[in-house]
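Okay, so here's the structure we're looking at.
Just so you know, all these numbers are worked out from the coordinates, no wet-lab data involved. The shown structure was predicted, so the numbers you read here are calculated from the model rather than taken from an experiment. Ideal geometry is used to build each Cβ from the backbone, glycine not excepted, and the neighbour counts take in all protein chains shown.
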Amino acid sequence: MHQSNHRGFQGRFRVGALLFALSALLCSALAQRNRIFNHDFELGNVGFQSDYVYNPNADGSDPQRSLAPGQYIVTTDPSLHHHEAISYDDLSRGDGMMLMLKGATIPNQAVWRQTVPVEPGPVYAFKGWVSIWTAQSPPLLQLRVNDEPIGVFNFPEPPRPGLWYQWHFEWDSSATTGFQATLSIVNLNTSAVGNGFALDALEFYLIPEPTAILGLVVGLGGLAWRRRFSSRE
């Protein structure tokens with residue numbers, strides 16, 4: 001009898017552990033749904049706005065036609081569009097796209113902007129990757145939600161051209177009353193020298209709360225026990 005009870009306890013423990021793991025994975029998958037459209041720029045120059053000027057004809061072989069301050073292009077290789085840029089790949093694919101920019105000399109210009117759906121109350125993560133394609137005067141990126149700054153990304157000293165660096169900031173949506181939020185990235189560096197950079201793999205997603213995970217565990221656990229006892233009747 002004792003051995004039977006022990007086995008029953010072990011079985012219930014395994015079921016509970018499995019339910020917890022599955023519910024945690026489910027919560028994480030649902031929460032980490034990226035709200036940003038065309039987050040990796042593989043669709044080209046669509047789905048976002050910019051105060052910079054799009055220049056699809058920027059030519060890296062000619063200094064007179066290179067990407068100018070306050071301009072951008074979606075590309076696979078920065079060296080194709082500016083005579084000072086080194087050649088390197090996007091973050092993930094190696095042959096994919098990135099958003100290449102030359103810092104504007106006019107302050108408070110958004111390099112990228114997009115409005116995304118949100119639910120008021122939870123905390124969201126705003127993540128992304130930035131690289132520099134020239135060593136001189138790297139950008140100073142400020143991340144904003146609804147025009148309110150949530151953080152400034154500082155490169156490690158000194159940043160190396162061609163390497164990708166990640167930022168990660170959080171935003172509490174409890175103060176908002178709407179179901180949309182406008183994300184923007186502003187370069188606080190207005191130098192005309194250097195100031196060349198690229199963006200890739202932008203993310204904005206809900207951070208799951210521990211209480212939500214616990215609630216899902218309890219709910220799944222209750223369903224499992226109900227089904228188990230119903231099968232005995």
Exercise. If each residue's Cβ is checked for other Cβ atoms within 10 Å, how do R33, R144, R113 rank with the fewest at the top?
Worked result: R33, R113, R144
For this session: Could you run the Karplus curve 6.51 cos²θ - 1.76 cosθ + 1.60 with θ = phi - 60° over the range 164-181 and give me ³J(HN,Hα) per residue in whole Hz, x for Gly and Pro?
Result: 9, 10, 9, 10, 8, 10, 10, 10, 8, 8, 5, 7, 8, 10, x, 10, 9, 9
Problem set entry | At R0 = 25 Å, FRET efficiency that the Cβ-Cβ distance of D51 and I150 yields, to 0.05 | 0.85
Seminar exercise, completed: Over all viewing directions the Cα convex hull of the range 35-207 casts an average projected area in nm² of 9.1
Exercise. How do the peptides 182-193, 93-104, 167-178, 147-158 rank, highest first, by the average count of neighbouring beta carbon atoms within 10 Å per residue?
Worked result: 93-104, 182-193, 167-178, 147-158
Problem set entry | G96 long-range amide H proximity, modeled H, under 5 Å | D90
